[in-house]
Amino acid sequence: MGDLMIGLYVFVLAALAGREVITKVPPTLHTPLMSGANAISGIAIVGAIVVAGRAEGTTQMVLGIAAIAMATINVVGGFMVTDRMLAMFKKR
Amino acid sequence: MHVFVELCYLVASILFVVGLKRLQSPATARGGNALAALAMFIAIAATLLDTQILSWTGILIGVVLGGGIGAFAARTVQMTDMPQMVGIFNGFGGGASAVVAIAEFLGTGGSAGVSTAGGTIVLGTLIGGVTFSGSFIAFGKLQGLLSGNPLTFPGQNLVNGLLFLAVLVSGVLALGVTTVDPLTAFYALIALSLVLGISVVVPIGGADMPVVVSLLNSYSGLAASAAGFVIGNMVLIISGALVGASGLILTVLMCKGMNRSLANVAFGAFGGTATTASGSIEERPVKRADAEMVAAELGYVNSVVVVPGYGLAVAQAQHELRKVGDLLEERGVDVKYGIHPVAGRMPGHMNVLLAEADVPYDRLFDLDEINDDFGNTDAVLIVGANDVVNPAAREEGSAIAGMPILDVDRARRTIVMKRSLSPGFAGIDNELFYMDKNLMFFGDAKESMAELVRELRELA
């Protein structure tokens, strides 16, 4: 079985697991869910590290810095704002 | 070394799933978010270990810059502005994916060729580019930098269709299948993807932007998965799939809450900024009430349900509302809050706004939980909401027929706190306002609520 097929299996099973987990999130937490999931999509930072780390020449360097900066905004901002929202949810 | 790195990615993947699972209850949600952040940290650390870092300069500059901007924005954003905040963060995530794909392509010197790598680079550029520019338009519309009205012209869908076709063609040409210079085709792909992101979002009204944000969020997940396929990284594939699923589920939920199809949101050019109806208010008689009367109606009963709408948040009246709730509870009244799925500007937004005003989350009930209770409720206080309590939704042929509503008209008494009788988002009259059991309490939500607090304090 090729790498592509293994990747496809992983993708489909992860999507199904995601559906199971996420449909059970109550409506009251849907906004933090959206912003938390959005922070997770900042995983693109992994790719950005690869690009920035091997950067040679000005173009690659500029692209690397741009990719890291944008992904970091997504990750840091996303998790922090989600935490700020969830900290406000209090029981009586 | 390699096995250790792979195991780190596996741990990160597990923590992402467990973190999302903990979002199933408000009591564990904060810990769940922290777990997901830890997973991200592990994934980043593993990547740093695994990659031959030739230059730390770029990474450090990028992290300091991005971390500073992200942290500042996350700390200072108003809770009412949450939809555009998520939108712009998502735009940056999409932008990062696109730039990674662009750097990969340029790294090959424009000779990616027809391969999994080449295909995913094109896909990453396309999805990332559309997410980036589309999110910025969504942000502009939500933030009021751009007009919230749909921007339409004849033949728009045809133009967008052709644009999409052009994107696909330039993507294929960038793989070097013809004599066309792949690099030129790739630059065209970048430009056309950015234009496409703008042109598909401008015809959508400001009120529908949260649906766009949610859908683009789903796309950015798919872009991450695509990148995972390129570099054979499972944690990218898994977290991308999780985000893709979450974005899609929330998009569908939002459409259901508004009783619209996704196609109608995308192509219907619906939902500009709400128009304020002028004049012709007193055409039919309504019962008016002042703060003193409302206080008496609420203060001497057993059960009250509050239905907050976005008008409450616009007026910044949620803190005064919480005081009203506290005073009623001190008098022994059972106070609950009924939250419609689209009460705020995105699902769960109203819950966040009420949580910010220290309303305990166990007093908040969603539509399915509260609808059976209205028959046994003494009084319902509706603040800044309209269409979501319009009984016309139960009648066939109405503009909002079939839309899920809160059945407030089954309660013994309803009190509507509103600026005027002007129609809501759907642009139709609300029969509830003219019912015998209904009282209209006209005025600005914040001022009216403050008056109500004073009157409740004076009740014996």
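A short reminder: the numbers here are calculations on the coordinates, not readings from a lab. These numbers were taken from a predicted model, which means no experiment stands behind them. Quick reminder, even Gly has a Cβ in these numbers, built from the backbone with ideal geometry, and neighbours come from all protein chains shown.
Size estimate for the protein assembly as shown follows the Kirkwood approach: the inverse of mean 1/r over distinct Cα pairs works out to 24.6 Å.
Positive-end ranking of B:I428, B:V304, B:I44 along the dipole of chain B, with charges on Cβ about the Cα centre, is headed by B:I44. Computed extension length for B:H2-B:D362: 124.9 nm, one decimal, from 0.36 nm per residue of separation with the Cα-Cα distance subtracted.
Each peptide in B:391-401, B:69-79 was scored by the mean count of other Cβ atoms within 10 Å over its residues; highest first, the order is B:69-79, B:391-401.
Taking a ≥ b ≥ c as the square roots of the eigenvalues of the Cα gyration tensor, region B:347-397 is prolate, since a/c reaches 1.5 or more and a/b is larger than b/c.
Rounded to the nearest whole Hz, the Karplus-based 3J(HN,Hα) values (6.51 cos²θ - 1.76 cosθ + 1.60, θ = phi - 60°) of region B:408-417 follow the sequence 5, 5, 7, 6, 5, 9, 10, 10, 9, 9, with x at glycine and proline. The packing ranking of peptides B:46-58, B:6-18, highest mean first, is B:6-18, B:46-58, where packing means the average number of other beta carbon atoms within 10 angstrom of each residue.
For B:K437, the aspartates and glutamates whose Cα comes closer than 14 Å to its Cα, not counting residues fewer than 8 places off in the same chain, are B:E297, B:D378, B:D407, B:D409.
Counting only other chain Cβ atoms within 10 Å of each residue's Cβ, the peptide B:320-328 averages 0. Sorting B:355-365, B:414-424, B:176-186 by average packing, meaning the other beta carbons within 10 Å per residue, from highest down gives B:414-424, B:355-365, B:176-186. Each listed q (0.16, 0.25 Å⁻¹) maps to a log10 I(q)/I(0) for region A:1-56 from the Debye sum over equal C-alpha point scatterers, namely -0.74, -1.00. Between A:I6 and B:R331, the FRET efficiency from the beta-carbon distance, with R0 = 60 Å, is close to 0.40. Annotation: amide H-H contacts under 5 Å for B:V307 (H modelled 1.01 Å from N, sequence separation of 5 or more, or interchain): B:G338, B:L381, B:I382, B:V383. Normalised size of region B:93-234, defined as Cα radius of gyration per 2.2 N^0.38 Å with N residues, equals 1.08. Note on the protein assembly as shown: dipole from Cβ charges, positive end direction compared against B:L381, A:F11, B:A263; the farthest Cα belongs to A:F11. Given chain B reduced to its alpha-carbon atoms as identical point scatterers, what log10 I(q)/I(0) does the Debye formula return at q = 0.06, 0.08, 0.09, 0.14 Å⁻¹? Log-scaled intensity ratios, in q order: -0.33, -0.56, -0.69, -1.30.
Residue-wise HN-Hα couplings along region B:79-92, as the Karplus relation 6.51 cos²θ - 1.76 cosθ + 1.60 with θ = phi - 60° gives them from phi, are 4, 5, 8, 4, x, 6, 5, 4, x, 6, 4, 4, x, 5 Hz; Gly and Pro carry x. Using the Karplus relation 6.51 cos²θ - 1.76 cosθ + 1.60 with θ = phi - 60°, the per-residue 3J(HN,Hα) values for region B:197-211 come to x, 5, 6, 7, 8, 4, x, 9, x, x, 5, 8, 4, x, 4 Hz, with x marking Gly and Pro. With K and R counted +1 and D and E -1, the other residues having a Cβ less than 14 Å from that of B:P83 yield a net charge of 0.
Only helical runs count toward this figure. For chain A, summing -39,500 (n - 2.57) over DSSP H runs of n ≥ 4 and dividing by all residues gives -23000 deg cm²/dmol at 222 nm.
Pairwise Cα distances in region A:27-88 exceed 16 Å for 50 percent of all pairs. Modelled this way, with points 7 Å down the Cα-to-C-beta line, the labels at B:R394 and B:N264 are 2.1 nm from one another. The overall shape of region B:291-458 is rounded: from the C-alpha gyration tensor, with semi-axes ordered a ≥ b ≥ c, the ratio a/c is less than 1.5.
Each DSSP beta bridge with both residues in the protein assembly as shown is either parallel or antiparallel, and the antiparallel ones are about 0%. When the inverse distances between all different Cα atoms of region B:8-115 are averaged and flipped, the Kirkwood radius reads 16.7 angstrom.
In region A:27-41, which residues have a backbone nitrogen under 18 Å from the label point lying 7 Å from B:S25's Cα in the Cα-to-Cβ direction? The answer is A:27-30, A:33.
The angle separating the long axis of helix B:26-50 from the principal Cα axis of greatest extent in chain B is about 10 degrees. With a 10 Å cut-off around each Cβ of B:13-21, the average count of Cβ atoms from other chains is 4.
Only helices enter the 222 nm calculation for chain B: every DSSP H run of n ≥ 4 contributes -39,500 (n - 2.57), and dividing by all residues gives -19500 deg cm²/dmol, rounded to 500.
For the peptide B:70-80, the mean number of other protein chain Cβ atoms found within 10 angstrom of a residue's Cβ is 5.
Under 5 Å between amide hydrogens, built in the peptide plane, is the criterion, and for B:L151 it picks out B:I204 among residues at least 5 positions away or on other chains.
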